[in-house]
1. Would you please name the trypsin sites (Lys or Arg not before Pro) within segment 113-200 that are DSSP coil residues with at most 15 other C-beta atoms within 10 Å of their C-beta?
2. How large is the Rg to Rh ratio of segment 4-77 when both quantities use alpha carbon positions and Rh follows Kirkwood?
3. For ASP86 and ARG50, compute 0.36 nm times the residue count separating them, minus their Cα-Cα distance, and round to one decimal in nm.
4. Show me the trypsin sites (Lys or Arg not before Pro) within segment 1-74 that DSSP assigns to loop and that have at most 14 other Cβ atoms within 10 Å of their Cβ.
5. Taking Cα pairs under 8 Å and at least six residues apart, what relative contact order does the chain come out at, in percent?
6. Restrict the search to segment 129-200; then list the GluC sites (Glu not before Pro) that DSSP places in a loop and that have at most 15 other Cβ atoms within 10 Å of their Cβ.
7. Bin all alpha-carbon pair distances of the chain at 5 Å intervals from 0 and give each bin's fraction as a whole percent.
8. Based solely on its DSSP helices, what 222 nm [θ] is calculated for the chain when runs of n ≥ 4 H residues each add -39,500 (n - 2.57) and the sum is averaged over all residues, nearest 500 deg cm²/dmol?
Amino acid sequence: MSTPQDCHELLLRFAGRIGDRDLWRLRDWVSAGAVDAVARALPLMLLRERVGITPEESRLLSAVLVPAGADAERLNAVPWVDDVPDLDYTFTPESPEWVSRGGDSVAVVLGALLRGRPEVVEARSSWRRGRSGDVRIVLVTVAEDGGDAAVRLTGELQRVLRALGSDEPAVEVLVRGRDVTRYHREAAAASEPLFAMVHS
């Protein structure tokens, strides 16, 4: 049986490849335990957006989504690619001028919200620049033994960011020690800490 954690890990692979609006909604469903809704919607999104998947991703999609009710034929219709395409974004740690002028109150709220949580190892912020404008990327790393912390934290941070005015929050909660995508590596390389902690 597929778990929300399995689905969360799967969705990390599609950051930057499907739209922020779709991705935050999928992650909101995962945080509510509605893996079956993701299983129905994600294959359609991949087909609609013409997102190619690698053979490994095809196996993962089937392993995670088919037990949750995905249409296997629809999954098989998603085209394969040899490699994930190059990113159509650049990342920078520098906030846009409109944020700098007014002070970064969102970063202050996020830092206060995350500080002191034993499962949180690090929290960083980067800005993604592309055709859709400047988008804040919140990158949080949780401990390996965090259990379902990545799922819960994603849902919580998305709700907070939406309450602060972000219609399509871009929240990436990673588990320390797990492989990350190039999207996450590049965002992290051009980021600044909200805070950093070391847990023994």
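Every number in this text was worked out from the coordinates using simple rules, so none of it is lab data. Nothing here was measured: the structure is a model prediction, and the numbers come from that model. FYI the Cβ positions are ideal-geometry reconstructions off the backbone, even for glycines, and counts take in every protein chain you see.
1. Of the trypsin sites (Lys or Arg not before Pro), the ones in loops of segment 113-200 whose Cβ has at most 15 other Cβ atoms within 10 Å are ARG115, ARG131, ARG176, ARG178.
2. 0.90
3. Taking ASP86 through ARG50 to full extension adds about 11.5 nm, to one decimal.
4. Passing sites in segment 1-74 are ARG50.
5. 24 percent
6. Passing sites in segment 129-200 are GLU144.
7. It works out to 1, 7, 16, 20, 21, 16, 11, 6, 2, 0, 0, in whole percents.
8. Mean residue ellipticity at 222 nm (helix-derived): -13500 deg cm²/dmol.
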